[in-house]
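Please read the structure below before turning to the comments.
The values are calculated or read from the model by the stated rules, or taken from the named source; none is laboratory data. Because the structure is a prediction, the values reported are computed rather than measured. Cβ placement follows ideal geometry from the backbone for every residue including glycine, while neighbour counts extend to all protein chains displayed. For accessibility, only protein heavy atoms count, side chains too; no ligands or nucleic acids. Shrake-Rupley method; radii C 1.70, N 1.55, O 1.52, S 1.80 Å.
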Amino acid sequence: MAREIEVGPEADLAPGVVRGAGRYAVGNSADELFAVTRRCRHLGADLADGSIDGEGCLVCPWHGAKYDVASGRMTRGPRGVFAKIPGMDAGYRLLTRVLPLGRGVLVKRDGTVFVR
Ligand code: FES
């Protein structure tokens, strides 16, 4: 059985919050809690330092790639100089169709959220 890691009080996970818990980035996207593995598929940034955009996607703090937190797939590739490299955006989106971010299982007990 997978080990459970305490994330914290559910009340602290307001919409738009993202935090780290073990190997997961746990957050609240449009009032839905999520847990995805926290290393960006691009260059490994910690997605627990990311943000939630207006579409509810998790945005990487380094180069702005966006992830659908339900599927773990990249919906927009890295920005900045990386966006100028032909095929990179589509390549990473394709990569995460095959290798999406892992998703953790969230459990709530007595107002506290755990991930495993
Ligand atoms: S490390 Fe995440 S977009 Fe570059």
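Cβ contacts < 6 Å: first residue over 19 Å from G77 (Cβ atoms), restricted to the stretch 31-55; second residue among the aromatic types (F, W, Y) and buried (at least 23 other Cβ atoms within 10 Å of the Cβ), any location; separation 6+ or different chain. Result?
Close Cβ pairs (under 6 Å, with a partner that is among the aromatic types (F, W, Y) and buried (at least 23 other Cβ atoms within 10 Å of the Cβ)) amount to A35/Y24.
Does the stretch 83-90 contain any residue that is away from the ligand (no atom under 15 Å from the Cβ), small (G, A, S) and closer than 19 Å to V113 by Cβ?
no
Can you pull out every residue in the stretch 90-104 that is assigned to a loop (DSSP other than H, G, I, E, B) and open to solvent by 70 Å² or more (accessible area, probe 1.4 Å)?
L99
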